[in-house]
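Rule-based calculations on the coordinates, nothing more; no lab input. On a predicted model such as this, the values are computed, not experimentally measured, just so you know. All Cβ positions, even for glycine, are placed from backbone atoms using ideal geometry, and neighbour counts span all protein chains on display.
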Amino acid sequence: MSARGTDGRVVAVVGSTGSGKTLWTRSQVANDARLLAWDPLGEWARELRLQTVTLPELVGLVRRDLERPAERFRYAYSGNTHRESFAAFCAAAWVWLRIAPGTLVVEELADVTQPGKAPPSWGDIVRKGRHFGARVYAITQRPAESDKTVMGNAAAIHCGLLAFPNDRKYLANCLDVPEAEIAALRPRQWIEKDFRTHELRRGTVQIPKGRARA
């Protein structure tokens with residue numbers, strides 16, 4: 001297992017369909033050598049050419065990494081995406097993240113978590129992963145309906161356009177900005193707060209040439 005004390009981070013990435021949240025996240029992790037994605041729609045496997053694995057295959061890869069950490073580990077899981085599978089995925093991911101620093105991306109978090117207590121291994125990843133150098137990107141369309149452990153432990157929250165008033169109010173609270181600023185966001189515009197420095201940043205996601213999806 002990798003040594004404690006390495007500084008990682010959790011980033012909560014929120015926004016409705018078309019907000020640009022997935023495009024932005026891909027731009028942050030595209031070149032990471034150790035990358036694992038919970039990929040319900042197969043977008044990460046397709047766009048970043050990640051190898052798709054089943055849960056047993058993922059467990060086998062993690063066991064291999066325990067003996068000899070791979071120089072490059074880029075996989076996605078796109079199989080059954082119900083909560084029981086997510087729990088099993090996170091159990092394997094939590095072992096993998098402790099072997100060597102890596103990046104974990106979870107899409108559609110609201111589909112597999114609830115606002116209450118986080119599933120056990122997911123909670124461990126979010127609360128403790130940074131000590132092992134893990135970078136975690138938790139992506140959701142409905143932050144008010146997602147696991148609150150992520151928001152409470154996030155080093156940064158990256159927010160795009162939100163369709164629902166409850167979500168806009170919740171994110172305005174999290175970012176400590178007027179709700180009107182969240183409501184004014186347009187597709188691909190974003191606001192982000194770094195909770196380590198308390199810095200607010202704003203910008204627009206750039207669409208790569210030849211790509212139309214956000």
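Assorted remarks:
- For segment 175-208, a residue qualifies if it is of a type in the set (A, V, I, L, M, F, W, C), free of Cβ contacts under 8 Å to residues at least 60 places away in the same chain and either touching a strand residue (DSSP E or B) at 6+ places or on another chain (Cβ under 8 Å) or in a helix (DSSP H, G or I) (or both), and the qualifying residues are L175, V177, A180, I182, A183, I191, F195, L200.
- Test: residue in segment 11-25 that is touching a residue at least 40 places away in the same chain (Cβ under 8 Å) and among the charged types (D, E, K, R): yes
- Consider segment 122-170 and keep the residues that are among the aromatic types (F, W, Y) and farther than 18 Å from S27 by Cα. The one that is surrounded by the fewest Cβ atoms within 10 Å (Cβ to Cβ) is F164.
- Near pairs, Cβ below 8 angstrom, 6+ apart or cross-chain, from segment 55-82 (within 18 Å of W94 (Cβ to Cβ)) to any residue that is surrounded by fewer than 18 Cβ atoms within 10 Å (Cβ to Cβ) and basic (K, R): A70/R64
- For the residues I125, I99, the requirement of being β-branched (V, I, T), touching a helix residue (DSSP H, G or I) at 6+ places or on another chain (Cβ under 6 Å) and closer than 24 Å to V14 by Cα singles out I125.
- Hits in segment 126-159 - residues which are free of Cβ contacts under 8 Å to residues at least 24 places away in the same chain and of a type outside the set (D, E, K, R): G152
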